[in-house]
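Scroll down for the structure; my scribbles are underneath it.
The values are calculated or read from the model by the stated rules, or taken from the named source; none is laboratory data. Note that the structure is a prediction, hence the values are computed from the model and not measured. Every residue, glycine among them, receives a Cβ derived from its backbone with ideal geometry; neighbour counts consider all protein chains shown. We work out accessible area using only protein heavy atoms, side chains counted, and drop any ligands, DNA or RNA first. Shrake-Rupley method; radii C 1.70, N 1.55, O 1.52, S 1.80 Å.
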Amino acid sequence: KAAGLFGYLYGATIKNVIIDGATINSNHYAGGIVAWVLNNSGNQSLPMVIENCHVQNSKITSAAEQVNGAWDNGDKVGGIVGYLPKDGNTNTVTGCTVDTLAISAYRDYGAVAGAASSTRVKENTVTNVTNERNMAQDYDQSKRENWGNPVGRDLEWITTLADLQKAFSGAFNLSVNA
């Protein structure tokens, strides 16, 4: 289910990677560099570091799937990383760029990270990103959308507008496919 250059990782350092012209398809967890960073709470010495990576001229799609008789998932999609969990480590996404990217998902999607908890996402550049909320299936409407932001869900690391401006630069286009 997880799709990206790396489907899932924990405790790794990824630097200086360029993804150009990729088409990435998933049902749950998708990112240009890493789809899913596994929770590493058992070993606090292994942070996840993504630095100076670039995703350009690409499309990332996470479509719904049947889960227990209902449509669900299609979530946690980001240009760089789909999901960084909350754990005791200092996970970072720094100095990355996302340029000319189309994202299509149901919820929890953003230009840099789809869902990020207790992470440090800073000094990244985003330009020409199109976010499309895919409502083609009868999704569980009780779930929060969390879409259209540079980080789709949980901006706990951003405390002020100045932090937001420092973390991201660029323009966003947003559309909804209902």
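How about region 120-148: which of its residues are in a strand (DSSP E or B) and either modelled with pLDDT under 65 or within 25 Å of Pro85 (Cβ to Cβ) (or both)? If you could, list the steps in order and put the result at the bottom.
Step one: filter region 120-148 for residues in a strand (DSSP E or B), giving 120-122, 125-134, 139, 147-148.
Listed by number, the residues that qualify are Arg120, Val121, Lys122, Thr125, Val126, Val129, Asn131, Arg133, Asn134, Tyr139, Trp147, Gly148.
Are any of the residues in region 49-66 of a type outside the set (Asp, Glu), within 16 Å of Asn124 (Cβ to Cβ) and open to solvent by 50 Å² or more (accessible area, probe 1.4 Å)?
Within region 49-66, one or more residues are of a type outside the set (Asp, Glu), within 16 Å of Asn124 (Cβ to Cβ) and open to solvent by 50 Å² or more (accessible area, probe 1.4 Å).
I'm told Thr100 meets every condition in (1) surrounded by 16 or more Cβ atoms within 10 Å (Cβ to Cβ); (2) at pLDDT 90 or above except one. Can you identify the failing condition by its number?
Every condition holds for Thr100 apart from (1).
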